[in-house]
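The block underneath contains the structure these notes are about, expressed in structure tokens.
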Amino acid sequence: MKKTLLAIIGIAAIFAFISCGSTATLDPNSQGGGAAEQPEKEPETQPVSEDFSAANQALIDAAEKARQKAIEAGAEKYCPDKLSETDKIFADAKNEVAQTPSQEHSEKLKDVIKRYEALATASAAKEMKEKADEFGLSTPEGEKALADFESSASGKDMDENAKKALAAYSSLLLQKLGEMAKTERNAALEAKKNADSVKAGVAKKNEYKAASDTFKKADSCFVTKDLPGAYKGYRSAKNSFTSLFEEISAKRAAAQAAIERAKKRVSEAENYTVEADAIAPLTGEVAGIEKEDAVLLEQDTFANPEDAVIDVEGSDEAKAAAAIDDAVNKGASVINNAVNGGDAK
């Protein structure tokens with residue numbers, strides 16, 4: 001019995017040892033030979049900072065080009081204060097780039113570029129405003145946009161207001177000045193018909209040709225959308241044709257009056273001759289008086305006056321100018337829709 005008890009205790013001890021040994025091999029924190037090894041951590045690396053030197057220089061170069069375009073558009077004449085203001089901002093930006101060339105300065109440089117682009121646009125708008133003023137035309141939208149441009153504090157605002165002003169004045173000139181040019185064209189054609197009725201091409205050949213050439217040049221301006229040039233050309237041609245008609249008409253009236261006076265004198269002389277012949281008739285040939293069938297002057301031939309008429313309506317350019325009403329109205333509609341944020345149809 002005692003031996004059996006000792007055997008049972010021995011077996012239990014063996015199982016207990018095996019159990020403890022097995023648990024130890026699974027414990028990752030145990031110091032035994034079966035513990036798993038931990039991997040070593042890699043050293044942390046610092047991120048490399050980006051160098052913006054090349055990007056900054058590219059933006060500076062773009063700003064210089066934008067400034068030159070603004071100068072060419074007339075910024076020195078039309079927007080001197082805004083140009084000076086933008087030049088100062090540009091100079092400050094370049095100084096900042098010089099001090100920290102590798103850091104990013106894109107925001108300020110892009111604003112400078114936008115400012116110079118806006119200056120070019122505003123200069124074009126103000127040039128159109130001058131033309132509108134010359135013809136007594138105005139647009140409240142355009143005037144407000146230019147005022148807002150002058151008070152703009154950023155390149156983005158300057159650009160938006162300059163574009164609004166340009167669109168407003170473009171629409172104004174295209175529509176209103178186009179209508180005025182068309183009216184003057186019709187008036188010039190009517191004046192030319194009057195000049196042709198008094199044979200101006202024969203009586204005043206050089207002046208008539210000059211007026212016709214002026215009309216043709218105005219047609220060319222009209223077709224190429226130089227509306228101020230077209231208007232002025234048609235008006236000049238109209239005035240020239242009108243002057244020719246009035247001058248030749250006056251001379252013809254004076255000549256006709258002289259003819260009537262001469263006829264009256266001839267009639268009176270004939271009556272006197274009849275009376276004299278009745279009292280003392282002449283017989284035979286009288287020295288100094290030609291025979292009845294004598295040719296006193298060589299017969300003259302005149303060219304057909306109609307051949308001197310210059311056709312100003314038959315060319316393709318003239319036909320295009322005559323049909324330009326629809327193009328003027330369509331173009332004005334497109335610009336107006338763009339100003340109002342709509343879509344042109």
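Values for this structure:
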| read-out | value |
| --- | --- |
| Residue check, GLU76 farther than 17 Å from ASP159 by Cβ and in a helix (DSSP H, G or I) | yes |
| So ALA230, is it in a helix (DSSP H, G or I) and either buried (at least 23 other Cβ atoms within 10 Å of the Cβ) or within 19 Å of the chain's Cα centre (by Cα) (or both) | yes |
| Contacts under 6 angstrom Cβ, first residue in region 229-242 being over 21 Å from VAL198 (Cβ atoms), partner charged (D, E, K, R) and open to solvent by 50 Å² or more (accessible area, probe 1.4 Å), 6 or more apart | GLY233/LYS217 |
| Meets criteria (under 18 Å from the mean Cα position of the chain (by Cα), open to solvent by less than 60 Å² (accessible area, probe 1.4 Å), within 22 Å of GLU179 (Cα to Cα) and small (Gly, Ala, Ser)) for ALA162 | no |
| Lone qualifier among LYS182, LYS126, LYS131, LYS156 - being farther than 30 Å from ASP51 by Cα, surrounded by fewer than 19 Cβ atoms within 10 Å (Cβ to Cβ) and of a type in the set (Lys, Arg) | LYS131 |
| Of residues in region 55-90 being of a type in the set (D, E, K, R) and surrounded by 17 or more Cβ atoms within 10 Å (Cβ to Cβ), the one nearest to the chain's Cα centre (by Cα) | ARG67 |
| Test: residue in region 194-217 that is open to solvent by less than 80 Å² (accessible area, probe 1.4 Å), of a type in the set (Ser, Thr, Tyr) and either touching a residue at least 60 places away in the same chain (Cβ under 8 Å) or touching a strand residue (DSSP E or B) at 6+ places or on another chain (Cβ under 6 Å) (or both) | yes |
| ALA147 vs. criteria surrounded by 14 or more Cβ atoms within 10 Å (Cβ to Cβ) and in a helix (DSSP H, G or I) | no |
| Per-region count, region 91-106, residues open to solvent by 10 Å² or more (accessible area, probe 1.4 Å), in a helix (DSSP H, G or I) and under 18 Å from GLU64 (Cβ atoms) | 8 |
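The values are calculated or read from the model by the stated rules, or taken from the named source; none is laboratory data. Since the structure is predicted, the reported quantities are computational estimates derived from the model, not experimental observations. Every residue, glycine among them, receives a Cβ derived from its backbone with ideal geometry; neighbour counts consider all protein chains shown. The area values use the complete protein model at the heavy-atom level, side chains included, leaving out ligands, DNA and RNA. Shrake-Rupley method; radii C 1.70, N 1.55, O 1.52, S 1.80 Å.
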